[in-house]
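The values are calculated or read from the model by the stated rules, or taken from the named source; none is laboratory data. Everything numeric in this text was worked out from a predicted model, so none of it was measured. Glycine also receives a Cβ, built like all others from the backbone with ideal geometry; neighbour counts cover every protein chain displayed.
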Amino acid sequence: MTANSHQAELVSVVLPTYERPDLARRAVESVISQTYTPIELIVVDDHSETPIQGALSDVTTKGIESVQYVRHTENRGVSAARNTGIEASSGDYIAFLDDDDQWDEQKIKRQVHQFRKSDDTVGLVATGIKYKSGNMTRSGLPTLRGDVTRELLAGEPFVQTSAVMVRRDPLLKIGGFDEELPSWNDRDLYIRLSRQCKFEAVPELLTIRHIEHGDNQIRHDLEQKRDISYPRFESKHRPTAAEYGRQCERRFRASLTLALARSAMQNGYYGDARRFYVRSLRFNPFQTDPYTRLMAVIGGPYTYKPARKIVRKVKAVSQALSLR
């Protein structure tokens, strides 16, 4: 079956979860509310203490083609959980939904429609994301389309996994997610996938991402990033970046060290943050963001905390003005 046949292609939704039954319920309900059919839902429980299937037993799944619950016998991480879901799926397209995110009811319908409008070289369709943190909201639309490998290598931002739908064949061809990467697993997947297919976008805010202060899901462990993710990611993708030229390779390395610097800054490792910002600027001195952030952490907490307060106030004012 091709995406242009206009038949009802099956969409597999892979929902990994761990120890968050209330959030998982909200996510599952947003899948059930989708206006598109047919959908199969695969919930992968990454060895929660209380099995998620029991916590969701009273959720009505009317309208869903099928629901599978797969439980790991040990905690293996989100990439392994997603791969387990991929292996259990049978859809023409596969969409991922983290347990703390949710979808607009039109999300899947809009993405399938975009696939149908595109030719078979398109293997990924992304939507915009609305980010919610308390009373604050912000949004972002995907800007990368077509052959996007160079841009991804150079560190151009892209949407989180909950906002993408992927054609089955290229996803299986690259082997899914890298389970050895404790972080940057979505960026790694996108780079490898972009070598197989083109990307498209639905410029609508159809994915909702909830950000809670202190949520460990958005604060990656610096040591793991520095000691595991960084060397593995660089060794995998630096040769590809070099194929696009010296400038792309330097931007690739600059983007990695910039990500390390941001993680160090957020977790209070100000000395590491300074070092990584300087290293990033050595690779690519034409960046602007690292200069500002380097000044913010130059004095450790004595300069970073006041700078952060100023940034928050500016964002609050901008948000208030945008709502008028």
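Of the helices (runs of 4 or more DSSP H) lying entirely inside the stretch 199-318, those carrying at least 1 residues that are modelled with pLDDT of 90 or more, under 30 Å from Gln102 (Cα atoms) and in contact with a Phe, Trp or Tyr (Cβ under 9 Å, 6 or more places away or on another chain) are 230-243, 246-266.
Table: residues versus (1) of a type in the set (Ser, Thr, Tyr); (2) closer than 30 Å to Thr121 by Cβ; (3) in contact with a Lys or Arg (Cβ under 7 Å, 6 or more places away or on another chain); (4) at pLDDT 95 or above.
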| position | (1), (2), (3), (4) |
| --- | --- |
| Thr2 | yes, yes, no, no |
| Gln7 | no, yes, no, no |
| Leu10 | no, yes, no, yes |
| Thr17 | yes, no, no, yes |
| Arg26 | no, no, no, yes |
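In summary, Thr84 fulfils each of the numbered conditions (1) in a loop (DSSP other than H, G, I, E, B); (2) surrounded by 15 or more Cβ atoms within 10 Å (Cβ to Cβ); (3) not basic (Lys, Arg) with the single exception of condition (1). Across the stretch 136-160, the qualifying residues are those that are over 17 Å from Val122 (Cα atoms) and of a type in the set (Ser, Thr, Tyr), and the one among them that is modelled with the highest pLDDT is Ser139. On inspection, Ser57 fails the criterion of being over 17 Å from Ile86 (Cα atoms), surrounded by fewer than 17 Cβ atoms within 10 Å (Cβ to Cβ) and at pLDDT 95 or above. Tell me, please, whether a residue that is over 27 Å from Glu105 (Cα atoms), among the acidic types (Asp, Glu) and surrounded by fewer than 21 Cβ atoms within 10 Å (Cβ to Cβ) can be found in the stretch 188-202. Looking for residues that are over 27 Å from Glu105 (Cα atoms), among the acidic types (Asp, Glu) and surrounded by fewer than 21 Cβ atoms within 10 Å (Cβ to Cβ), one finds none in the stretch 188-202, hence no. Looking at the stretch 111-197, the helices (runs of 4 or more DSSP H) lying wholly inside it that each contain 2 or more residues that are among the polar types (S, T, N, Q) and either within 28 Å of Phe283 (Cα to Cα) or in the same structural domain as Arg82 (by TED's automatic domain parsing) (or both) sit at 185-194. Of all the criteria given as (1) farther than 16 Å from Ile108 by Cα; (2) modelled with pLDDT of 95 or more, the one not satisfied by Pro38 is (1). Annotation for the stretch 91-100: at least one member residue is over 15 Å from the mean Cα position of the chain (by Cα), assigned to a loop (DSSP other than H, G, I, E, B) and either within 30 Å of Glu180 (Cα to Cα) or at pLDDT below 95 (or both).
Looking only at residues of the stretch 226-272 that are buried (at least 19 other Cβ atoms within 10 Å of the Cβ) and of a type in the set (Gly, Ala, Ser), we find that the one that is nearest to Ile191 (Cα to Cα) is Ala241.
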